[in-house]
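So the structure is just underneath, and the comments pick up after that.
Just so it is clear, none of the values below were taken in a lab; they were calculated from the coordinates. From a predicted model like this one, the values you see are computed outputs, not experimental measurements. Positions of Cβ are generated from backbone atoms using ideal geometry, with glycine treated the same way; all protein chains shown enter the neighbour counts.
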Amino acid sequence: MAKILIIDDEKGICEEFKDILEEDGHEVEAAHNGPEGIEKASQQQFDLVFLDVLMPKMEGREVLEKIKKISQVPVAIMSGYIPDNKEKEVLALGAVACLKKPLDLGKVKKLIASVAS
């Protein structure tokens, strides 16, 4: 199973997503803002990071750039709405996927399987 980091300022979404992933046997950590997520990513080895785009303190794009400087961990962007140009931008910065909220659990599971194998 995978070790996963969720970075999202919406604590309810984080906890629900964490619970679902843990039920599937994954080890899951959560961070509720960009700086906290970057700190966790620098201190631990993760198989995959799910990163929200719109957060206070630090936007997802900046968090993605900083994580990519310190780790090779795959990062999947999550957003309730992301315009095509922004989606292309985060994919060009190294995100492995751009997922729309509410998340499609089938896509999430396929993504986890692809990076954790």
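What is the set of long-range amide H partners of Ala30 at a cut-off below 5 Å, with H atoms built 1.01 Å from backbone N?
Residues meeting the criterion, in which the H sits 1.01 Å from N, are Ile6.
If you compute Cα Rg over 2.2 N^0.38 Å for the structure shown, which of (1) 1.01; (2) 1.11; (3) 0.94 do you land on?
(3)
Could you work out how much longer the chain between Lys88 and Asp24 gets when fully extended? Use 0.36 nm per residue separation minus the Cα distance between them, nm to one decimal.
Working: separation 64, 0.36 × 64 = 23.04 nm, distance 3.03 nm.
Taking 0.36 nm per residue and subtracting the Cα distance, the gain is 20.0 nm.
If packing is taken as the average count of other Cβ atoms within 10 Å, what order do 95-101, 105-111, 47-53 fall into, highest mean first?
Values: 95-101: 17.7, 105-111: 14.0, 47-53: 23.4.
So the peptides 95-101, 105-111, 47-53, ranked by packing, come out 47-53, 95-101, 105-111.
Starting from the amide H of Leu99, placed 1.01 Å from N in the peptide plane, find each other amide H under 5 Å away whose residue is 5 or more places distant or on another chain.
Excluding prolines and chain starts, which carry no amide H, the hits are Ile77, Met78, Ser79.
Give, in nm to one decimal, the length gained when the segment between Ser114 and Lys101 is fully stretched (0.36 nm per residue of separation minus the Cα-Cα distance). Could the numbers behind the result be given before it?
Numbers: separation 13, 0.36 × 13 = 4.68 nm, distance 2.02 nm.
The Ser114-Lys101 span can extend by a further 2.7 nm.
Got the relative contact order for the range 3-116 handy, in percent, Cα pairs under 8 Å and 6 or more residues apart?
After rounding, I find 23 percent.
Using helices alone, I'd like the mean residue ellipticity at 222 nm for the chain: each DSSP H run of four-plus residues gives -39500 (n - 2.57), total over residue count, nearest 500. Please report the intermediate quantities before stating the final value.
Details: 5 runs with 55 residues, N = 117.
The helix contribution divided over the chain gives -14000 deg cm²/dmol.
Taking the Cα centre as origin and putting +1 on Lys and Arg beta-carbons and -1 on Asp and Glu beta-carbons, what dipole magnitude results for the chain, to the nearest 20 debye?
On the way: 16 positive and 22 negative charges, 94 e Å.
In debye, rounded to 20, the chain gives about 460.
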